[in-house]
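Notes follow the structure.
The values are calculated or read from the model by the stated rules, or taken from the named source; none is laboratory data. Since this is a predicted model, take the numbers as computed values, not measurements. Counting neighbours? That spans all protein chains shown, and the Cβs are built from the backbone with ideal geometry, glycine included. In case anyone asks, the SASA skips ligands and DNA or RNA and just uses the protein heavy atoms, side chains included. Shrake-Rupley method; radii C 1.70, N 1.55, O 1.52, S 1.80 Å.
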Amino acid sequence: MTQLVKINLTVNGVQYEREVEPRLLLSDFIRHDLHLTGTHVGCEHGLCGACTIILDGQSVRSCIMFAVMADGSTIETVESLGTPDHLHPVQEAFMEKHALQCGFCTPGFLMTIVDYLGDNKNPTDEEIREAIDGNFCRCTGYENIVEAVKLAAQKMAAHS
Amino acid sequence: MKPAPFEYYAPKTAEEALQNLTDLGYSGKVLAGGQSLIPAMNFRMARPSALVDLNKVAELAYIKPTAEGGFAIGTMTRDNVVEHDASIRQKMPIVAETIGYIAHPQIRARGTFGGAEAHADPAAQIPALCMLLNAKMLVKRKGSERWVNAEDFIVGPFMTVLEPEELLAEVVLPPLAPRTAGSYKQVSRQRGGYAQAATISLVSLDDRNKVKDVRCVLFSVGETPILSKYAAKVLVGNDATTEAIADVAAYVAKNECDPGTDLHGTAEYRRQMVEVLVGRSLTEAVARAKK
Amino acid sequence: MKLEGEHVFNGPRADVWEMFYDPAILASAVPGMDKLDVVAENEYEGVMNVRIGPVSGKFQGKLTLTDVVEPESLTLTVDGRGAPGYGKGVGKANFIQNADGTTTLKYDGDMNIGGALASVGQRMIDSVVKSMMRSAFETLDKALEARLETKKTGEEVNFTPPTTTEFAGSVAKDMVGGFTKVPELRLILYILPVVAILVILALVLSK
Amino acid sequence: MAERVFHKSILRNEDPQILAGKAQYLDDIELPGMLYAAFKRSDYAHARLKSIDVSEAKALPGVIGVYTAEDFGDLVKPGPLQVPPPTAIKGATYASRTIMPIVKDKVRYSGEPVAVVIAESRYIAEDACDYIYPDFEPLDAVIDLEKALEPGAVLVHEDLPSNEAAHVIQERGNYAEAAAKADLIVKKKIYVDRVAAVALENRGIVVNWDDKAQMMTIWCSTQSPVTLRNATATRMGLFENQVRVITPFTGGGFGPKINTSMPDDVLLTELAVRLKRPIKWYEDRRENFMATTSERDQVHYAEIAVTKAGEILGFKDVFYHNSGAYDSYMMTVPLNTQTHTVSNYKIPSFYTEIIMVFTNEMVVTPVRGAGRPQGVFVMERMIDAAARELKMDVAEIRRINLIQPDAYPVSTGIIGQDFVEGVLDSGDYPTALNKVMEMIDYKNFREVIQPKARAEGRHLGLGICTFTEGTGVGPYEGAKITVGGNGKVSVATGVSSQGQAHYTTFAQIAAEQLGVEVKDVKVTTGDTGAFAWGAGTFASRGATVAGTAIHLAAVKVKDKALKLASQFLNTPESELELVGGFVQVADLPDKKISLGDLASKANPMRGTFPPGAEPGLEAVAYYGPPYGATGAGCMAMILDVDAQTMKPKIERLVMVHDVGTPINPMVVEGQVHGGIQMGIGNAFYEKIHYDETGQLLTASFMDYLFPQATDMPSHIEMDHIENPSPLNPLGIKGVGEAGAIPTPAVFNQALEDALYDTGVELMESNLSPSKVYTYVQKAKGA
């Protein structure tokens, strides 16, 4: 018999209780069990960053965690940021600076950057590149993503 | 790329975890941060039949000062917690400097200090750091415990002295002598990537700036991290002159490491990098210790 | 990949060669052999049931021995397959008697690893292979020492093979019995770097 | 006058949806009763499949079925050619051996599927793969391109006399005569290695067979939806209108997603019908490296014939091109190499010979650049080699050989991937070169900065190269534009989108004609239910070819609207204009009628309808260029190299580019940025590595190095020149591949320049610090 483990966790402010197989990857749980498909899967070995989420306040890779390991934790995914009509400042900055093309890597970048800008209000270009170094993008050459992070930092400073 | 099925245990205490490991024997495998294990499982390279997940064992995650002035780090302490610990940063800046080279922040948020040590990847920073700092490993099994020196803990690539029933519970970093400083240098293809060659040096100077003690660890250029014997032999009691450091670097590269050829570099290149890096890290460590 | 090197045994060539015929000793240097059948002259098929820490897997190996010049040299072709991948290799071993009474084993082989192990495990192959070779030779050194001591004193000297952990938990200790009927067990030494590497690789990622 | 929306940096229509995580990508599709597929793939590159035991796998709980070649009957045969052979080229020989859906007797590349599992989850499907036991008889693999053609070599396809897949010779002028006149002939062997496209989203397909409706719906991240629909209908004996292909949001294409009749679409469409349940397959990253097509490996033997003054008289290039195990995509890649080798230089004599070789490696089809980077790499490296011998400045030797702006159109004498002789339609190559030299402060660098750096022991090197990008090739694309009763505009075209901003740029083209806001134009790409004609998104042709078709359709709709409005407003068409969603009288803007009203009036529900009239404000148009529009540019780079570790840092990167008239300059720049990332990757990080048995050694991001943010220059400095293409009414040229094309050539030149004191020459792409170190050691020893 397949072992099932009960887990409790909060995702984007909603509390969920689910029974899952221990081997279920957190990325698959979020996408297919909770139907939050904004989190993407690009490599399943922890290197591309497309699956980045914020878990208990820190950006992490959801493809190299089991869902059972997230029992008791609080998760934010891209769906927590903004809606198409009311984008989060980081999302706005991405749009205004053309920091996305195919958009597949974008949710991972957004979660990395939201986490990063929380602790670093006014990063330099070089610091930004280091902060996004663990997220892969094939379309933008990262050029406009760096610009978007700078703009987002300004927007967030203005908001606060 | 989905992992094969496994039995899952989620103990809440260290005692429960040790009981699980005892019960499971060879079929049990500890799940710490999972940042190396889970990718391997996703590739189905690793197929443990049972996992003992330590993530709920709160008592294994801590940083405590020791009576001697060092630090005791619980095995489940996340890499980034150690990296950003103010007290460790102040007393042992080489720790944060070294951990900063582990992959990317997202990995350091989940990876654990003890997990990396027990994984014993020859290209990993934490085993080298433990060797550099002459760390002591607290190994527990149900009903007993033992201490193992960092230099004896790792016996080969991905191999440690841990028996299946045992758990690396704590790593103790002894205090550093006054006027001690370290320096980390590596060559990797990309930032956050595996080192093709790496060196960490730790130098203690006396009042007259003569070398009182030096530890120079190489890694990713052999089966395990390597502590250079020659560096201490040549430098201790002497001035760390440019010539002396160059001599050490050349000797270490020639005689004390054993890099292989892989997709990213030839053995010859990696050996040459050892010479470059040993020179650079010793030079920087000495300069820092003088400050 | 190239497997090339030499090892000096502290004893005369005849004893070294002889040692390579002692199944008990070789078994201690080789993880997990379950079964070894002679399928033709100089052709053997074996099954290794390997259980290393949490990893277990069944590997099938086939070896062919050619150019045997006792006690000087032999060529070995191995072909091992299991779920995580396969290994294929050809190795040549030369035993050279040295003037100081020692014996140099020179080996020179070419090995290919395929499957998942090769496609995603590249960065660790070198160090693991080296480590396996070193372990095997350390075991054989001890064994040779014990044999020579026995020969000298006439008393049985106990040879203790490495513990499970020292061998990365790699040796199923109970397989010696099955081996004794097969005199060509020495061959197993050479399958070690090929097949065992596959196994070890599968586990190393998890250790 | 309406505000212009064409040729303007307008923010993207699609962004809010994507940014909010609401865009639907392939793996986001979940249907009731869905099943999941996994492929059991061969570990061997070349082997006979003697038997295969799937009984244990079938018995696993949750497994619906395990299928091997014998379960698929007649389906197991070579697929259709994706691209026709180049019969237009005289003397061309070729053997077509197209990809098999599943291995029947013989494996030809590692990763070729031997069985497919359908299960209740992907987890279970992968479990089942572990319990499938194929019995292989391994064969020696064909890997080395030149050894593959030696007599007695093992054959990839045993029914062929050799591993030669094709042989094509093209010549303009007479190289032998040119060489005889030259003062200097330089000969070099040049290598370019293989790279992957690495779209962040892997390939995938969802197939649903609605048995009651007798309709098949396929969601696929394909670059060629119409081909997929047509091939599926043909293969399965269905009517074309029984099959609908929908391309959801797609996470990057870069070439390989153009392929159809791949194992997945052939086998899963069949199984969906048999099982009457939807099936999903989303490739994982390891599969993507193993079993999705890749590109670039070629070995060139090149010769350049020059005068003392540096004038290039002739160029000869004989090259081996790796086709991989099959050649379904025929010769697009090597033909692009031929057409891009000398295209921007006025070289009177050019001999180029392709020897295309079958090997036991993954099939080769275009990856962003598609043969162009190789051609440019060879040419630019050879010019550098000549400059070195002549002790000439690298910019100067280029300057004196460039085609001049008054020369267009220039016939190249070389037939390209579209089977017509290449013609350079327009451009200004010297201006691009001059601009780049100004921007990078070339003179000052050579005279002040570099000498000073060298005196300080620093290793600063500069590379500067020019290139062309053949884009926008035929055959054709089409579009349908419909104005709704609410005045909103629907645009449908047959190409699909992988992130190119089509939802915005195509909307701009339509909005420009129809006088509506860009956000009021909804573009549908890649849905055969909406539009089912066209070839696909490849060769930097989406904007040029489909874009022009949209323009033509918009003009038709506009004409229709004007004609109709003229009746209602009692004003001659010539006095009307389309502004803000209305047709209005130019001089009396209050006299107007909305497009929505016109659309409703054009679609009467009662009454009569005049003979010959067409309902609605709708039009369809098609566009096929006579030949492709050629973009071009120049790139320069300054590297700061650590001469001990051979680690380079890109200090500056400057690019000037000509895309004709850019629809949306912001989008154009973004395209170039992305291309440069791939170019930098190709130059120094990325490399698909096969060993001599055909085993793939780089099936993860641990070993396949994907360029990261810190591998890029701190800023890409760009400028544009606009030489509109005369081939289409909008003057557009493509841009998708530009950045990837010159970068490896520039990079190598800059590296050599930085390491000037070693005399190293780098005639190989896909370098690494270790490889550079090895070359330097060799150069020092020599």
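Would you mind giving the mean number of other chain beta-carbons within 10 Å of the Cβ of each residue in A:67-74, as a whole number?
3
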For segment D:55-71, 3J(HN,Hα) per residue [Karplus equation, 6.51 cos²θ - 1.76 cosθ + 1.60, θ = phi - 60°, Hz, x = Gly/Pro]: 5, 5, 5, 4, 7, 5, x, x, 8, 8, x, 10, 10, 10, 3, 5, 7
Selected from D:Gly485, D:Met678, D:Leu139, residue furthest toward positive end of dipole (chain D; charges at beta carbon): D:Gly485
Derived scalar couplings ³J(HN,Hα) [segment D:235-244; Karplus, 6.51 cos²θ - 1.76 cosθ + 1.60; whole Hz; x for Gly, Pro]: 5, 9, x, 9, 5, 4, 7, 8, 10, 10
Magnitude of the charge dipole, the protein assembly as shown, Cβ model with Lys/Arg +1 and Asp/Glu -1, debye to 20: 1340
Dipole of segment D:299-379, positive direction: furthest Cα of D:His321, D:Met379, D:Tyr351, with charges on the beta-carbon: D:Met379
Efficiency of FRET between B:Arg179 and D:Lys778 - r from beta-carbon atoms, R0 51 angstrom, step 0.05: 0.70
J(HN,Hα) series, segment D:738-746, from Karplus relation 6.51 cos²θ - 1.76 cosθ + 1.60, nearest Hz, glycine and proline x: 3, x, 6, 6, x, 4, x, 5, 5
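Exceeding 19 Å between C-alpha atoms, which entries from my cross-link table qualify? They are B:Lys12/B:Lys142; B:Lys29/B:Lys142; B:Lys64/B:Lys91; B:Lys229/B:Lys291; D:Lys77/D:Lys147.
From the list (B:Lys12/B:Lys142; B:Lys29/B:Lys142; B:Lys64/B:Lys91; B:Lys229/B:Lys291; D:Lys77/D:Lys147), the Cα-Cα distance tops 19 Å for B:Lys229/B:Lys291; D:Lys77/D:Lys147.
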Under-5 Å amide H pairs with A:Val11, H placed in peptide plane, nonlocal only: A:Tyr16, A:Ile75
Point-to-point label distance, D:Arg454-D:Ala643, nm (Cα→Cβ direction, 7 Å offset): 1.0
Relative contact order of chain A, pairs being alpha-carbon contacts under 8 Å that are 6 or more residues apart, as %: 23
Computed over segment D:1-101: relative contact order in percent, which uses C-alpha pairs under 8 Å that are six or more apart: 16
Max mean-square fluctuation residue, GNM over chain B, Cα-Cα springs under 10 Å, options B:Ile73, B:Ile126, B:Ile38: B:Ile38
Per-peptide average of other Cβ atoms within 10 Å, ordering D:728-735, B:160-167 highest first: D:728-735, B:160-167
Residue-averaged beta-carbon neighbours from other chains (10 angstrom radius) around D:685-694: 3
Helix B:14-24 axis, angle to chain B major axis (alpha carbon atoms, nearest 10°): 70
Residue-count net charge about D:Ala565 - beta-carbon cut-off 11 Å; Lys, Arg +1, Asp, Glu -1: +1
Kyte-Doolittle mean at least -1.0, axial Cα span of 15 Å or more - DSSP H helices of chain A: A:106-119, A:143-159
Segment B:144-191 and segment D:233-291: distance between their alpha carbon centers, rounded to Å: 50
Candidate lysines - alpha carbon under 18 Å from D:Lys187, same-chain residues fewer than 8 apart omitted: D:Lys308, D:Lys316, D:Lys391
Under 5 Å, built H, 5+ apart or other chain: amide partners of D:Asn13: D:Thr504
C-alpha center-to-center spacing [segment B:196-271, segment D:614-664] in angstrom: 47
Distant-in-sequence amide H partners of D:Lys687 (H built 1.01 Å from N, under 5 Å): D:Leu705
Angle in degrees between helix B:242-251 and the longest Cα principal axis of chain B, rounded to the nearest 10: 50
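Give me the dipole magnitude in Debye, nearest 20, for segment D:16-78 about the Cα centre, with unit charges on the beta carbon: positive for Lys and Arg, negative for Asp and Glu.
So the dipole magnitude of segment D:16-78 works out to roughly 200 debye.
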For C:Lys130, solvent-accessible area (1.4 Å; no DNA, RNA or ligand), Å²: 60
MRE, 222 nm, helices only [DSSP H, n ≥ 4, -39500 (n - 2.57), over the protein assembly as shown, to nearest 500]: -8500 deg cm²/dmol
Which listed pairs, of D:Lys560/D:Lys733; B:Lys233/B:Lys254; A:Lys121/A:Lys150; A:Lys6/B:Lys140; C:Lys2/C:Lys130, have C-alpha distances above 19 Å, in listed order: D:Lys560/D:Lys733; A:Lys6/B:Lys140
Tilt relative to chain B, helix B:267-290 - C-alpha long axis, 0 to 90 degrees, to 10: 70
Label-to-label distance, nm, for residues given as D:Lys391 and C:Ser73 (7 Å Cα→Cβ offset): 5.4
Centroid-to-centroid separation of segment D:1-80 and segment D:478-548 [C-alpha atoms, Å]: 25
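Once you list every other residue whose beta carbon is under 14 Å from the beta carbon of A:Gln154, what net charge do they have if Lys and Arg are +1 and Asp and Glu are -1?
It works out to a net charge of 0.
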Pairwise FRET efficiency - D:Asp441 versus D:Gln404, Cβ, R0 = 41 Å, nearest 0.05: 0.95
Relative contact order [Cα under 8 Å, 6+ residues apart], chain D, whole percent: 16
Neighbouring partner chain Cβ atoms per residue of D:634-647, average, 10 Å criterion: 2
